[in-house]
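The values are calculated or read from the model by the stated rules, or taken from the named source; none is laboratory data. Model, not experiment: these values are computed from the prediction. With ideal geometry, Cβ positions are generated from the backbone for all residues, glycine too; neighbour counts draw on all protein chains shown. Protein only, heavy atoms only, side chains kept; ligands, DNA and RNA dropped before computing areas. Shrake-Rupley method; radii C 1.70, N 1.55, O 1.52, S 1.80 Å.
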2 protein chains.
Amino acid sequence: MSANRPRASYHHGSLRETLVRACLELIRAEGIGAVSLRRVAREAGVSPGAPYHHFPDRAALLTAIAGEGFAMLEERLVDARAAAPSPSAALTALTETYVRFAHEQPAYFHLMFRPELAHPDKDEAAKEAADRSFQVLCDTVADCQRAGDVPAGDPGPLVTALWALAHGLASLWVDGPLDGRAKGFAGSTEALVAQVAQGVAAVLAGAARAGVRLGP
Amino acid sequence: MSANRPRASYHHGSLRETLVRACLELIRAEGIGAVSLRRVAREAGVSPGAPYHHFPDRAALLTAIAGEGFAMLEERLVDARAAAPSPSAALTALTETYVRFAHEQPAYFHLMFRPELAHPDKDEAAKEAADRSFQVLCDTVADCQRAGDVPAGDPGPLVTALWALAHGLASLWVDGPLDGRAKGFAGSTEALVAQVAQGVAAVLAGAARAGVRLGP
DNA sequence: TGACAGGTCTATGCGGCGCTTAGATTCTGA
DNA sequence: TCAGAATCTAAGCGCCGCATAGACCTGTCA
(Lines give C-alpha, C1' and ligand atoms only; values in the text may rest on other atoms or scores of the structure.)
Protein backbone atom coordinates (compact mmCIF):
# COMPACT_ATOMS: atom_id res chain seq x y z
CA MET A 1 0.00 0.00 0.00
CA SER A 2 0.99 3.61 0.39
CA ALA A 3 3.21 3.21 3.43
CA ASN A 4 6.07 5.14 1.83
CA ARG A 5 4.10 7.78 0.01
CA PRO A 6 3.34 10.60 2.51
CA ARG A 7 -0.14 12.03 2.43
CA ALA A 8 -0.80 15.47 0.95
CA SER A 9 -2.88 16.62 3.90
CA TYR A 10 -2.96 15.94 7.61
CA HIS A 11 -6.40 14.37 7.33
CA HIS A 12 -6.51 11.24 5.24
CA GLY A 13 -9.88 11.76 3.63
CA SER A 14 -11.03 8.16 3.32
CA LEU A 15 -9.05 6.31 5.94
CA ARG A 16 -11.85 3.97 6.89
CA GLU A 17 -12.16 2.62 3.37
CA THR A 18 -8.37 2.51 2.98
CA LEU A 19 -8.04 0.45 6.16
CA VAL A 20 -10.63 -2.05 4.96
CA ARG A 21 -8.83 -2.47 1.62
CA ALA A 22 -5.42 -2.75 3.27
CA CYS A 23 -6.74 -5.36 5.65
CA LEU A 24 -8.19 -7.45 2.84
CA GLU A 25 -4.96 -7.22 0.88
CA LEU A 26 -3.00 -8.25 3.95
CA ILE A 27 -5.17 -11.31 4.54
CA ARG A 28 -4.90 -12.21 0.88
CA ALA A 29 -1.12 -11.89 0.86
CA GLU A 30 -0.14 -13.31 4.27
CA GLY A 31 -3.21 -14.90 5.76
CA ILE A 32 -5.44 -14.13 8.70
CA GLY A 33 -2.59 -14.65 11.13
CA ALA A 34 -0.76 -11.59 9.82
CA VAL A 35 -3.60 -9.18 10.52
CA SER A 36 -2.97 -6.65 13.25
CA LEU A 37 -4.41 -3.17 13.52
CA ARG A 38 -0.91 -1.72 13.78
CA ARG A 39 0.16 -3.52 10.63
CA VAL A 40 -2.95 -2.45 8.75
CA ALA A 41 -2.33 1.14 9.85
CA ARG A 42 1.27 0.90 8.66
CA GLU A 43 0.17 -0.40 5.27
CA ALA A 44 -2.29 2.47 5.05
CA GLY A 45 0.45 4.95 5.93
CA VAL A 46 -1.02 6.27 9.18
CA SER A 47 -0.02 6.10 12.83
CA PRO A 48 -0.88 3.05 14.95
CA GLY A 49 -3.64 4.90 16.79
CA ALA A 50 -5.42 6.28 13.75
CA PRO A 51 -7.70 3.27 13.09
CA TYR A 52 -9.29 3.72 16.52
CA HIS A 53 -11.02 6.87 15.28
CA HIS A 54 -12.91 4.73 12.76
CA PHE A 55 -13.31 1.40 14.55
CA PRO A 56 -13.69 0.91 18.31
CA ASP A 57 -11.44 -2.15 18.18
CA ARG A 58 -9.86 -4.70 15.92
CA ALA A 59 -12.95 -6.92 15.86
CA ALA A 60 -15.03 -4.00 14.58
CA LEU A 61 -12.82 -3.58 11.53
CA LEU A 62 -13.01 -7.29 10.82
CA THR A 63 -16.77 -7.30 11.43
CA ALA A 64 -17.23 -4.50 8.91
CA ILE A 65 -15.40 -6.60 6.34
CA ALA A 66 -17.47 -9.65 7.25
CA GLY A 67 -20.61 -7.60 6.65
CA GLU A 68 -19.35 -6.72 3.19
CA GLY A 69 -18.77 -10.42 2.63
CA PHE A 70 -22.32 -11.36 3.51
CA ALA A 71 -23.61 -8.71 1.12
CA MET A 72 -21.38 -10.03 -1.67
CA LEU A 73 -22.43 -13.61 -1.03
CA GLU A 74 -26.12 -12.67 -1.05
CA GLU A 75 -25.73 -10.91 -4.38
CA ARG A 76 -23.99 -13.89 -5.94
CA LEU A 77 -26.58 -16.34 -4.64
CA VAL A 78 -29.48 -14.22 -5.88
CA ASP A 79 -27.86 -13.94 -9.31
CA ALA A 80 -27.10 -17.66 -9.46
CA ARG A 81 -30.68 -18.56 -8.66
CA ALA A 82 -32.05 -16.08 -11.16
CA ALA A 83 -29.81 -17.37 -13.94
CA ALA A 84 -30.67 -21.03 -13.45
CA PRO A 85 -33.06 -22.61 -15.99
CA SER A 86 -34.85 -24.79 -13.43
CA PRO A 87 -35.34 -25.12 -9.66
CA SER A 88 -33.09 -28.17 -9.62
CA ALA A 89 -30.37 -26.36 -11.57
CA ALA A 90 -30.73 -23.44 -9.17
CA LEU A 91 -30.02 -25.74 -6.24
CA THR A 92 -26.85 -26.99 -7.89
CA ALA A 93 -25.85 -23.44 -8.76
CA LEU A 94 -26.34 -22.25 -5.17
CA THR A 95 -23.96 -24.89 -3.85
CA GLU A 96 -21.36 -24.17 -6.49
CA THR A 97 -21.69 -20.42 -5.98
CA TYR A 98 -21.28 -20.68 -2.20
CA VAL A 99 -18.20 -22.85 -2.51
CA ARG A 100 -16.69 -20.75 -5.29
CA PHE A 101 -17.21 -17.59 -3.26
CA ALA A 102 -15.32 -19.09 -0.34
CA HIS A 103 -12.51 -20.24 -2.60
CA GLU A 104 -12.19 -16.94 -4.45
CA GLN A 105 -12.59 -14.76 -1.36
CA PRO A 106 -11.15 -16.74 1.54
CA ALA A 107 -10.48 -13.54 3.46
CA TYR A 108 -14.17 -12.64 3.51
CA PHE A 109 -15.19 -16.22 4.14
CA HIS A 110 -12.93 -16.56 7.18
CA LEU A 111 -14.15 -13.33 8.73
CA MET A 112 -17.79 -14.27 8.13
CA PHE A 113 -17.59 -17.50 10.12
CA ARG A 114 -14.88 -17.18 12.79
CA PRO A 115 -16.28 -15.81 16.03
CA GLU A 116 -12.79 -15.30 17.45
CA LEU A 117 -12.08 -12.78 14.67
CA ALA A 118 -15.30 -10.91 13.92
CA HIS A 119 -18.86 -10.72 15.22
CA PRO A 120 -21.16 -10.28 12.24
CA ASP A 121 -24.02 -11.60 14.38
CA LYS A 122 -23.87 -8.28 16.22
CA ASP A 123 -24.01 -6.25 13.03
CA GLU A 124 -27.54 -5.53 11.80
CA ALA A 125 -26.66 -5.15 8.12
CA ALA A 126 -24.59 -8.33 8.12
CA LYS A 127 -27.31 -10.27 9.91
CA GLU A 128 -29.93 -9.15 7.43
CA ALA A 129 -27.78 -10.06 4.43
CA ALA A 130 -27.14 -13.48 5.99
CA ASP A 131 -30.88 -13.95 6.58
CA ARG A 132 -31.69 -13.02 3.01
CA SER A 133 -29.02 -15.44 1.72
CA PHE A 134 -30.56 -18.20 3.80
CA GLN A 135 -33.98 -17.29 2.47
CA VAL A 136 -32.72 -17.70 -1.09
CA LEU A 137 -31.87 -21.30 -0.25
CA CYS A 138 -35.22 -21.86 1.47
CA ASP A 139 -37.13 -20.43 -1.50
CA THR A 140 -35.18 -22.53 -3.97
CA VAL A 141 -35.86 -25.69 -1.99
CA ALA A 142 -39.56 -24.80 -1.93
CA ASP A 143 -39.47 -24.35 -5.72
CA CYS A 144 -37.85 -27.75 -6.06
CA GLN A 145 -40.45 -29.37 -3.86
CA ARG A 146 -43.27 -27.84 -5.93
CA ALA A 147 -41.58 -29.09 -9.10
CA GLY A 148 -41.12 -32.56 -7.62
CA ASP A 149 -37.34 -32.32 -7.99
CA VAL A 150 -36.68 -33.10 -4.33
CA PRO A 151 -38.57 -35.15 -1.74
CA ALA A 152 -41.66 -33.57 -0.23
CA GLY A 153 -42.20 -33.05 3.47
CA ASP A 154 -40.46 -30.96 6.11
CA PRO A 155 -37.93 -28.74 4.30
CA GLY A 156 -35.95 -28.02 7.49
CA PRO A 157 -33.52 -30.96 7.40
CA LEU A 158 -33.06 -30.60 3.65
CA VAL A 159 -32.25 -26.90 3.80
CA THR A 160 -29.88 -27.53 6.70
CA ALA A 161 -28.17 -30.37 4.88
CA LEU A 162 -27.66 -28.30 1.74
CA TRP A 163 -26.25 -25.38 3.70
CA ALA A 164 -23.97 -27.66 5.68
CA LEU A 165 -22.84 -29.45 2.55
CA ALA A 166 -21.85 -26.22 0.83
CA HIS A 167 -20.28 -24.83 4.00
CA GLY A 168 -18.36 -28.04 4.59
CA LEU A 169 -17.01 -28.15 1.05
CA ALA A 170 -16.05 -24.50 1.31
CA SER A 171 -14.35 -24.87 4.70
CA LEU A 172 -12.48 -28.04 3.81
CA TRP A 173 -11.29 -26.50 0.57
CA VAL A 174 -10.26 -23.13 1.96
CA ASP A 175 -8.55 -24.62 5.02
CA GLY A 176 -6.66 -27.25 3.07
CA PRO A 177 -7.79 -30.80 3.87
CA LEU A 178 -9.92 -31.30 0.78
CA ASP A 179 -7.31 -30.58 -1.89
CA GLY A 180 -5.22 -33.67 -1.23
CA ARG A 181 -8.15 -36.09 -1.28
CA ALA A 182 -9.79 -34.42 -4.28
CA LYS A 183 -6.83 -35.17 -6.55
CA GLY A 184 -7.41 -38.89 -6.14
CA PHE A 185 -11.11 -38.54 -6.85
CA ALA A 186 -11.68 -36.08 -9.65
CA GLY A 187 -8.32 -34.65 -10.62
CA SER A 188 -9.08 -31.21 -9.23
CA THR A 189 -11.10 -29.81 -6.36
CA GLU A 190 -13.13 -27.65 -8.75
CA ALA A 191 -14.19 -30.73 -10.67
CA LEU A 192 -15.01 -32.63 -7.50
CA VAL A 193 -17.18 -29.81 -6.19
CA ALA A 194 -19.09 -29.75 -9.46
CA GLN A 195 -19.58 -33.52 -9.33
CA VAL A 196 -20.84 -33.30 -5.76
CA ALA A 197 -23.26 -30.47 -6.49
CA GLN A 198 -24.69 -32.27 -9.51
CA GLY A 199 -24.74 -35.61 -7.72
CA VAL A 200 -26.77 -34.15 -4.88
CA ALA A 201 -29.42 -32.87 -7.29
CA ALA A 202 -29.54 -36.26 -9.02
CA VAL A 203 -29.85 -38.14 -5.73
CA LEU A 204 -32.60 -35.81 -4.48
CA ALA A 205 -34.51 -36.20 -7.75
CA GLY A 206 -34.18 -39.97 -7.56
CA ALA A 207 -35.39 -40.03 -3.97
CA ALA A 208 -38.38 -37.88 -4.97
CA ARG A 209 -39.22 -40.34 -7.74
CA ALA A 210 -38.94 -43.19 -5.26
CA GLY A 211 -41.50 -41.47 -3.05
CA VAL A 212 -39.20 -40.62 -0.15
CA ARG A 213 -40.83 -38.14 2.20
CA LEU A 214 -38.85 -35.95 4.58
CA GLY A 215 -39.99 -35.31 8.09
CA PRO A 216 -39.63 -35.70 11.78
CA MET B 1 -4.76 -25.08 37.38
CA SER B 2 -1.85 -25.18 39.81
CA ALA B 3 -0.66 -21.63 39.29
CA ASN B 4 -0.68 -20.89 43.02
CA ARG B 5 0.51 -24.21 44.33
CA PRO B 6 4.33 -24.24 44.15
CA ARG B 7 5.92 -27.40 42.83
CA ALA B 8 7.72 -29.75 45.19
CA SER B 9 10.82 -29.99 43.02
CA TYR B 10 12.62 -27.75 40.59
CA HIS B 11 11.86 -30.09 37.73
CA HIS B 12 8.21 -30.45 36.97
CA GLY B 13 8.20 -34.11 36.00
CA SER B 14 5.45 -34.06 33.41
CA LEU B 15 5.32 -30.51 32.19
CA ARG B 16 4.59 -31.42 28.61
CA GLU B 17 1.42 -33.25 29.54
CA THR B 18 0.46 -30.54 32.02
CA LEU B 19 0.81 -27.87 29.34
CA VAL B 20 -1.42 -29.80 26.96
CA ARG B 21 -4.11 -30.17 29.64
CA ALA B 22 -3.86 -26.54 30.70
CA CYS B 23 -4.15 -25.43 27.09
CA LEU B 24 -7.28 -27.52 26.54
CA GLU B 25 -8.83 -26.22 29.72
CA LEU B 26 -8.02 -22.65 28.69
CA ILE B 27 -9.66 -23.07 25.29
CA ARG B 28 -12.68 -24.67 26.94
CA ALA B 29 -13.04 -21.87 29.46
CA GLU B 30 -12.17 -18.77 27.42
CA GLY B 31 -11.97 -19.82 23.80
CA ILE B 32 -9.20 -20.10 21.27
CA GLY B 33 -8.54 -16.38 21.41
CA ALA B 34 -7.31 -16.62 25.00
CA VAL B 35 -4.57 -19.13 24.24
CA SER B 36 -1.04 -17.84 24.57
CA LEU B 37 2.02 -19.83 25.53
CA ARG B 38 2.72 -17.42 28.38
CA ARG B 39 -0.79 -17.82 29.70
CA VAL B 40 -0.63 -21.61 29.43
CA ALA B 41 2.70 -21.57 31.26
CA ARG B 42 1.17 -19.41 34.00
CA GLU B 43 -1.75 -21.79 34.40
CA ALA B 44 0.69 -24.66 34.62
CA GLY B 45 2.69 -22.79 37.26
CA VAL B 46 5.97 -22.46 35.35
CA SER B 47 7.96 -19.59 33.91
CA PRO B 48 7.07 -18.14 30.50
CA GLY B 49 10.09 -19.76 28.84
CA ALA B 50 9.53 -23.28 30.17
CA PRO B 51 7.21 -24.51 27.40
CA TYR B 52 9.92 -23.91 24.81
CA HIS B 53 11.88 -26.85 26.21
CA HIS B 54 9.00 -29.13 25.19
CA PHE B 55 7.62 -27.44 22.07
CA PRO B 56 9.64 -25.45 19.52
CA ASP B 57 6.87 -22.88 19.25
CA ARG B 58 3.25 -22.19 20.00
CA ALA B 59 2.01 -23.94 16.86
CA ALA B 60 3.80 -27.14 17.92
CA LEU B 61 1.86 -27.30 21.18
CA LEU B 62 -1.40 -26.75 19.33
CA THR B 63 -0.40 -29.29 16.68
CA ALA B 64 0.23 -31.91 19.34
CA ILE B 65 -3.27 -31.34 20.68
CA ALA B 66 -4.70 -31.51 17.16
CA GLY B 67 -2.98 -34.88 16.73
CA GLU B 68 -4.66 -36.14 19.88
CA GLY B 69 -7.94 -34.91 18.45
CA PHE B 70 -7.53 -36.88 15.23
CA ALA B 71 -6.78 -40.00 17.25
CA MET B 72 -9.87 -39.48 19.41
CA LEU B 73 -12.06 -38.86 16.37
CA GLU B 74 -10.76 -41.98 14.65
CA GLU B 75 -11.52 -44.11 17.69
CA ARG B 76 -15.05 -42.76 17.94
CA LEU B 77 -15.72 -43.30 14.24
CA VAL B 78 -14.38 -46.87 14.34
CA ASP B 79 -16.55 -47.63 17.36
CA ALA B 80 -19.63 -46.04 15.82
CA ARG B 81 -19.26 -48.08 12.66
CA ALA B 82 -18.67 -51.30 14.58
CA ALA B 83 -21.74 -50.77 16.77
CA ALA B 84 -24.11 -50.08 13.89
CA PRO B 85 -26.50 -52.90 12.92
CA SER B 86 -26.33 -52.19 9.18
CA PRO B 87 -24.19 -50.33 6.63
CA SER B 88 -26.86 -47.68 6.27
CA ALA B 89 -27.10 -47.22 10.04
CA ALA B 90 -23.32 -46.99 10.15
CA LEU B 91 -23.40 -44.11 7.69
CA THR B 92 -25.89 -42.24 9.84
CA ALA B 93 -23.85 -42.99 12.93
CA LEU B 94 -20.64 -41.68 11.35
CA THR B 95 -22.25 -38.33 10.60
CA GLU B 96 -23.73 -38.04 14.05
CA THR B 97 -20.47 -39.09 15.69
CA TYR B 98 -18.41 -36.58 13.72
CA VAL B 99 -20.77 -33.73 14.57
CA ARG B 100 -21.11 -34.75 18.20
CA PHE B 101 -17.35 -34.93 18.57
CA ALA B 102 -17.00 -31.39 17.29
CA HIS B 103 -19.72 -30.15 19.61
CA GLU B 104 -18.38 -31.92 22.68
CA GLN B 105 -14.73 -31.13 21.97
CA PRO B 106 -14.70 -27.79 20.17
CA ALA B 107 -11.15 -27.12 21.34
CA TYR B 108 -9.85 -30.20 19.55
CA PHE B 109 -12.04 -29.58 16.53
CA HIS B 110 -10.78 -26.02 16.08
CA LEU B 111 -7.15 -27.03 16.32
CA MET B 112 -7.65 -29.90 13.87
CA PHE B 113 -8.94 -27.67 11.08
CA ARG B 114 -7.49 -24.17 11.48
CA PRO B 115 -4.21 -23.80 9.63
CA GLU B 116 -3.46 -20.46 11.31
CA LEU B 117 -3.38 -22.24 14.68
CA ALA B 118 -1.88 -25.68 14.18
CA HIS B 119 -0.37 -27.74 11.38
CA PRO B 120 -1.50 -31.36 11.83
CA ASP B 121 -0.74 -31.94 8.13
CA LYS B 122 2.94 -31.76 9.10
CA ASP B 123 2.54 -34.29 11.91
CA GLU B 124 2.90 -37.90 10.80
CA ALA B 125 0.77 -39.42 13.56
CA ALA B 126 -2.00 -36.91 13.04
CA LYS B 127 -1.96 -37.40 9.29
CA GLU B 128 -2.21 -41.16 9.66
CA ALA B 129 -5.11 -40.93 12.09
CA ALA B 130 -6.88 -38.56 9.69
CA ASP B 131 -6.27 -40.96 6.81
CA ARG B 132 -7.64 -43.87 8.80
CA SER B 133 -10.72 -41.84 9.75
CA PHE B 134 -11.32 -41.04 6.12
CA GLN B 135 -10.88 -44.70 5.26
CA VAL B 136 -13.60 -45.62 7.74
CA LEU B 137 -15.98 -43.44 5.78
CA CYS B 138 -14.82 -44.90 2.45
CA ASP B 139 -15.25 -48.46 3.72
CA THR B 140 -18.70 -47.74 5.08
CA VAL B 141 -19.81 -46.22 1.80
CA ALA B 142 -18.49 -49.30 -0.01
CA ASP B 143 -20.49 -51.50 2.38
CA CYS B 144 -23.59 -49.47 1.62
CA GLN B 145 -23.06 -49.75 -2.10
CA ARG B 146 -22.72 -53.55 -1.84
CA ALA B 147 -25.90 -53.67 0.22
CA GLY B 148 -27.73 -51.46 -2.27
CA ASP B 149 -28.39 -48.82 0.41
CA VAL B 150 -26.83 -45.99 -1.62
CA PRO B 151 -26.51 -45.39 -5.36
CA ALA B 152 -23.89 -47.39 -7.21
CA GLY B 153 -21.09 -45.87 -9.27
CA ASP B 154 -18.14 -43.63 -8.45
CA PRO B 155 -17.96 -43.36 -4.66
CA GLY B 156 -15.75 -40.23 -4.78
CA PRO B 157 -18.45 -37.56 -4.89
CA LEU B 158 -20.54 -39.42 -2.35
CA VAL B 159 -17.74 -39.81 0.15
CA THR B 160 -16.81 -36.16 -0.32
CA ALA B 161 -20.41 -35.04 0.13
CA LEU B 162 -20.83 -37.02 3.33
CA TRP B 163 -17.59 -35.69 4.77
CA ALA B 164 -18.49 -32.13 3.81
CA LEU B 165 -21.98 -32.51 5.20
CA ALA B 166 -20.72 -33.66 8.58
CA HIS B 167 -17.95 -31.07 8.61
CA GLY B 168 -20.34 -28.31 7.66
CA LEU B 169 -22.84 -29.25 10.36
CA ALA B 170 -20.01 -29.43 12.86
CA SER B 171 -18.48 -26.09 11.86
CA LEU B 172 -21.77 -24.22 11.71
CA TRP B 173 -22.79 -25.59 15.08
CA VAL B 174 -19.49 -24.99 16.86
CA ASP B 175 -19.02 -21.51 15.41
CA GLY B 176 -22.55 -20.38 16.14
CA PRO B 177 -24.61 -19.76 13.01
CA LEU B 178 -26.56 -23.01 13.10
CA ASP B 179 -28.08 -22.72 16.57
CA GLY B 180 -30.38 -19.82 15.74
CA ARG B 181 -31.80 -21.40 12.60
CA ALA B 182 -32.12 -24.86 14.17
CA LYS B 183 -34.57 -23.63 16.83
CA GLY B 184 -37.08 -22.77 14.14
CA PHE B 185 -36.65 -26.12 12.44
CA ALA B 186 -36.40 -28.88 15.01
CA GLY B 187 -36.42 -27.24 18.44
CA SER B 188 -32.80 -28.05 19.14
CA THR B 189 -29.64 -28.40 17.13
CA GLU B 190 -29.11 -31.94 18.39
CA ALA B 191 -32.51 -32.96 17.05
CA LEU B 192 -31.90 -31.23 13.74
CA VAL B 193 -28.57 -32.99 13.28
CA ALA B 194 -30.22 -36.34 13.93
CA GLN B 195 -32.96 -35.53 11.42
CA VAL B 196 -30.40 -34.55 8.82
CA ALA B 197 -28.29 -37.65 9.33
CA GLN B 198 -31.30 -39.94 9.07
CA GLY B 199 -32.77 -37.99 6.17
CA VAL B 200 -29.56 -38.38 4.21
CA ALA B 201 -29.66 -42.15 4.61
CA ALA B 202 -33.30 -42.23 3.56
CA VAL B 203 -32.68 -40.06 0.51
CA LEU B 204 -29.69 -42.15 -0.55
CA ALA B 205 -31.68 -45.35 -0.17
CA GLY B 206 -34.52 -43.89 -2.20
CA ALA B 207 -32.16 -42.77 -4.94
CA ALA B 208 -30.65 -46.27 -5.04
CA ARG B 209 -34.12 -47.77 -5.42
CA ALA B 210 -34.84 -45.31 -8.22
CA GLY B 211 -31.74 -46.54 -10.04
CA VAL B 212 -29.65 -43.38 -9.71
CA ARG B 213 -26.04 -44.02 -10.61
CA LEU B 214 -23.18 -41.80 -9.45
CA GLY B 215 -20.34 -40.90 -11.71
CA PRO B 216 -18.45 -38.42 -13.76
C1' DT C 1 31.53 -41.41 46.23
C1' DG C 2 32.01 -37.66 43.35
C1' DA C 3 32.62 -35.17 38.99
C1' DC C 4 30.29 -33.98 35.12
C1' DA C 5 27.11 -33.95 31.09
C1' DG C 6 22.70 -33.17 29.66
C1' DG C 7 18.07 -32.22 30.43
C1' DT C 8 14.91 -28.96 32.63
C1' DC C 9 13.68 -24.72 34.38
C1' DT C 10 14.23 -19.37 35.46
C1' DA C 11 15.56 -14.65 34.30
C1' DT C 12 15.97 -11.22 31.17
C1' DG C 13 15.40 -8.84 26.96
C1' DC C 14 13.74 -7.78 22.09
C1' DG C 15 10.25 -6.08 19.04
C1' DG C 16 5.37 -6.26 18.13
C1' DC C 17 0.66 -6.35 19.70
C1' DG C 18 -4.24 -4.04 21.29
C1' DC C 19 -5.76 -0.29 23.33
C1' DT C 20 -5.75 4.30 26.08
C1' DT C 21 -4.75 9.05 26.83
C1' DA C 22 -3.18 13.64 25.76
C1' DG C 23 -2.31 16.85 22.53
C1' DA C 24 -1.68 18.67 17.62
C1' DT C 25 -3.92 19.69 13.30
C1' DT C 26 -7.59 20.43 10.15
C1' DC C 27 -12.36 20.91 8.87
C1' DT C 28 -17.15 22.72 9.53
C1' DG C 29 -20.92 25.54 10.22
C1' DA C 30 -23.07 29.12 13.05
C1' DT D 1 -14.44 34.63 11.85
C1' DC D 2 -13.84 31.52 15.09
C1' DA D 3 -15.27 27.90 18.42
C1' DG D 4 -16.11 23.16 18.52
C1' DA D 5 -16.01 18.77 16.28
C1' DA D 6 -13.51 15.51 13.67
C1' DT D 7 -9.27 13.49 12.59
C1' DC D 8 -4.72 12.44 13.27
C1' DT D 9 0.08 11.80 16.01
C1' DA D 10 2.86 10.66 20.08
C1' DA D 11 3.64 8.26 24.00
C1' DG D 12 2.76 4.68 27.18
C1' DC D 13 0.61 0.37 29.52
C1' DG D 14 0.69 -4.56 29.93
C1' DC D 15 0.51 -8.37 27.09
C1' DC D 16 2.47 -11.45 23.53
C1' DG D 17 6.10 -14.98 20.95
C1' DC D 18 10.49 -16.11 21.03
C1' DA D 19 15.82 -16.00 21.92
C1' DT D 20 19.63 -16.20 25.05
C1' DA D 21 22.20 -16.99 29.20
C1' DG D 22 22.57 -19.02 33.30
C1' DA D 23 20.72 -21.80 37.54
C1' DC D 24 19.34 -26.15 39.06
C1' DC D 25 18.59 -31.13 39.19
C1' DT D 26 19.45 -35.95 37.91
C1' DG D 27 21.45 -39.92 35.84
C1' DT D 28 25.90 -41.94 34.58
C1' DC D 29 30.32 -43.60 34.90
C1' DA D 30 34.98 -43.57 36.77
- Query: With respect to residue B:152, is the statement that it is open to solvent by 40 Å² or more (accessible area, probe 1.4 Å) and either more than 7 Å from chain A (Cβ to nearest Cβ) or farther than 16 Å from residue B:80 by Cβ (or both) true?
  - Reply: yes
- Query: Among the residues of region A:65-97, how many are touching a residue at least 40 places away in the same chain (Cβ under 8 Å) and under 14 Å from the mean Cα position of the chain (by Cα)?
  - Reply: 14
- Query: Quick check, is residue A:131 closer than 24 Å to residue B:113 by Cβ and at the interface with chain B (Cβ under 10 Å from one of its Cβ atoms)?
  - Reply: no
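Quick one: is residue B:205 open to solvent by 40 Å² or more (accessible area, probe 1.4 Å) and in contact (Cβ under 8 Å) with a residue 12 or more places away in the chain?
It is false that residue B:205 is open to solvent by 40 Å² or more (accessible area, probe 1.4 Å) and in contact (Cβ under 8 Å) with a residue 12 or more places away in the chain.
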- Message: Name the residue that is farthest from DNA strand D (Cβ to nearest atom), counting only residues in region B:17-61 that are small (Gly, Ala, Ser) and more than 23 Å from the chain's Cα centre (by Cα).
- Response: B:45
- Message: Name the single residue that is farthest from the other protein chains (Cβ to nearest Cβ) among those in region A:36-48 being without any contact (Cβ under 8 Å) to a residue 40 or more places away in the chain and open to solvent by less than 40 Å² (accessible area, probe 1.4 Å).
- Response: A:46
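Could you identify the single residue in A:66, A:80, A:118, A:102 that is more than 14 Å from chain B (Cβ to nearest Cβ) and either open to solvent by 30 Å² or more (accessible area, probe 1.4 Å) or not polar (S, T, N, Q) (or both)? Steps first, answer last, please.
Values: A:66 fails: more than 14 Å from chain B (Cβ to nearest Cβ); A:118 fails: more than 14 Å from chain B (Cβ to nearest Cβ); A:102 fails: more than 14 Å from chain B (Cβ to nearest Cβ).
Only one candidate qualifies: A:80.
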- Within region B:89-99, residues in contact with a helix residue (DSSP H, G or I) (Cβ under 7 Å, 6 or more places away or on another chain) and open to solvent by 30 Å² or more (accessible area, probe 1.4 Å) come out as B:96
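For residue B:186, indicate whether it is touching a residue at least 60 places away in the same chain (Cβ under 8 Å), surrounded by fewer than 24 Cβ atoms within 10 Å (Cβ to Cβ), within 19 Å of residue B:92 (Cα to Cα) and touching a Leu at 6+ places or on another chain (Cβ under 7 Å).
no
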- Message: For region A:159-216, give me each residue that is out of contact with any helix residue (DSSP H, G or I) (no Cβ under 7 Å at 6 or more places or on another chain), over 23 Å from residue B:206 (Cα atoms) and among the aliphatic types (A, V, I, L, M).
- Response: A:191
